[in-house]
Structure formats: structure tokens, C-alpha cells
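Reviewing the structure listed below.
The values are calculated or read from the model by the stated rules, or taken from the named source; none is laboratory data. It should be emphasised that the depicted structure is a prediction, and the values quoted were computed from it without experimental measurement. Cβ sites come from the backbone with ideal geometry, for glycine too, and all protein chains shown count toward neighbours. The accessibility values were calculated without ligands, DNA or RNA, using every heavy atom of the protein model including side chains. Shrake-Rupley method; radii C 1.70, N 1.55, O 1.52, S 1.80 Å.
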Amino acid sequence: AQTVTQSQPEMSVQEAETVTLSCTYDTSESDYYLFWYKQPPSRQMILVIRQEAYKQQNATENRFSVNFQKAAKSFSLKISDSQLGDAAMYFCAYRSPLTGNQFYFGTGTSLTVIP
Amino acid sequence: DVKVTQSSRYLVKRTGEKVFLECVQDMDHENMFWYRQDPGLGLRLIYFSYDVKMKEKGDIPEGYSVSREKKERFSLILESASTNQTSMYLCASSPPRGKQYFGPGTRLTVT
């Protein structure tokens, strides 16, 4: 099974500043999908951003962007201009087209935004 | 908007009871999943289903079973609830190669 590692259980950032959440994964596959999900306190898990491994360009969604380093098997999430509403648990996830029905999740990073 | 709903947000059951957690999705997705979420452990896959009446064990299927009689509905069953099954249970659905859509979760407490 693939493994996804988030080495930062907790992170904090000052409002309006930038923060980077780390994620590494282990795979022998060349084609796969990577995701960052956000789970606000007591609320539903939602997708923040996704990246297809065959795409060299890093995905960007407004204030959220990724640094995808395929050779290093690294997929970090950068949040710019942090807002109070960004406070949440963030999960990194891997999906393989070969076992296309399974997602593999990291253990999560709890992000606190300080006003 | 894709909608995944779960039958209960909070549930309290006694040890030994049979528990049913229901999940319904409205986007005709082939794949449905049940996870449990525990602090420090992230999301762990219990079972998933890629078609009606089809199911596959995930990482922690012991003590659980599932049922998928209709495409839109995926049920998680705890045959005899135990205190170590106290957890947050998340249901998700997805098309074959897309992202997952999650339900709001069911926080189950077994006393």
C-alpha cells in the first residue's frame, strides 16, 4: 500500500502571512493523483487542491498553491495571505489509477491562524 | 452540487448493540467509501465499494460489515458495537478517476 506522511501534526500562522504544510509519499508508480483536503472544526471535509502527477506545472487555486516535487515525492501546500477561515485540519491524500478506487491519507496537520 | 449525506451527526450506543450507519450520495458515483477518523491516526479505510453489491476490505475491516444494495446508498454495520469503535465515521463517494466528496461525518460513542 502507498504511504502518505505529514510530519507536522500542528502548525500556526499569523493572519495575512504565508504558511507551508508538508507532505511526502511513497510510491513506485509514475502516474497518480495528489490532493489536499481541508476539514474545518465540526464541518465537512472539502477539497482544496489537486495535482495530476503527469503535469509538471504546480496547481494553484487562489491563495492555495502546491510545490510538487515528483522525484522527491513531495507535495507541499502553500497558503498565502492566511485568513481566520483557513484554520482547519489539512489532509494530504494520494490516489493511484491502478488501484483507482482507493485513497491513501496522511495523518493530518492542524493549522491555527492567529489574529 | 454533489451531496453526500449521513443518517446521523451524533450517535450514542451501548456495547453489544447492532449499529447501522447510512450514507447516501446523489451524483451517481460508482465508488463509495467508509473511513474512521481518530486523532493522530488520520483517516483509515474500513470498506469501499466500486459497484452495487460489490465491496472490498480496507485497512481495518474487523468488526464491521457493509451493504450496497443500491448505487446511491452505502451502509456500514457494526454487528456488536464495542467501546474501541467509538470514533468519527466519514462516508465518501467518487467517480472512477476524480476526487472524493465527503459526508458531514457521524460521531459515534459506544458506552
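Data table
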quantity	calculated
Any hit, segment A:90-104, residues being of a type in the set (A, V, I, L, M) and either away from every other protein chain (no Cβ under 14 Å) or farther than 20 Å from B:Lys99 by Cβ (or both)	no
Close pairs from segment B:38-52: first more than 9 Å from chain A (Cβ to nearest Cβ), partner among the hydrophobic types (A, V, I, L, M, F, W, C) and surrounded by fewer than 13 Cβ atoms within 10 Å (Cβ to Cβ), Cβ under 8 Å, at least 6 apart	none
Residue within segment A:63-72 that is in contact (Cβ under 8 Å) with a residue 12 or more places away in the chain, of a type outside the set (A, V, I, L, M, F, W, C) and surrounded by 19 or more Cβ atoms within 10 Å (Cβ to Cβ) present	no
Neighbours by Cβ (under 7 Å, 6+ apart or cross-chain): first from segment B:84-100, more than 8 Å from every other protein chain (Cβ to nearest Cβ); second assigned to a strand (DSSP E or B) and charged (D, E, K, R)	B:Ser87/B:Arg36; B:Ser87/B:Asp38; B:Met88/B:Arg36; B:Met88/B:Arg107; B:Tyr89/B:Arg36
Checklist (1) at pLDDT below 95; (2) in contact with a strand residue (DSSP E or B) (Cβ under 7 Å, 6 or more places away or on another chain); (3) within 14 Å of chain A (Cβ to nearest Cβ) applied to B:Ser7, failing item	(3)
Strands (runs of 3 or more DSSP E) within segment B:25-83 that include 2 or more residues among the polar types (S, T, N, Q)	B:31-38, B:65-70
Every residue from segment A:1-19 that is open to solvent by 60 Å² or more (accessible area, probe 1.4 Å), of a type outside the set (Asp, Glu) and in a strand (DSSP E or B)	A:Thr3, A:Thr5, A:Ser12, A:Gln14
Matching residues, segment A:20-41, being in contact with a strand residue (DSSP E or B) (Cβ under 9 Å, 6 or more places away or on another chain) and open to solvent by 80 Å² or more (accessible area, probe 1.4 Å)	A:Asp26, A:Pro41
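Residue-by-condition table, conditions (1) open to solvent by 80 Å² or more (accessible area, probe 1.4 Å); (2) over 16 Å from B:Ala92 (Cβ atoms); (3) among the aromatic types (Phe, Trp, Tyr):
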{"position": "B:Leu11", "(1), (2), (3)": "no, yes, no"}
{"position": "B:Leu21", "(1), (2), (3)": "no, no, no"}
{"position": "B:Met32", "(1), (2), (3)": "no, no, no"}
{"position": "B:Leu41", "(1), (2), (3)": "yes, yes, no"}
{"position": "B:Ile46", "(1), (2), (3)": "no, no, no"}
{"position": "B:Val52", "(1), (2), (3)": "no, yes, no"}
{"position": "B:Gly58", "(1), (2), (3)": "no, no, no"}
{"position": "B:Glu69", "(1), (2), (3)": "yes, yes, no"}
{"position": "B:Glu72", "(1), (2), (3)": "no, no, no"}
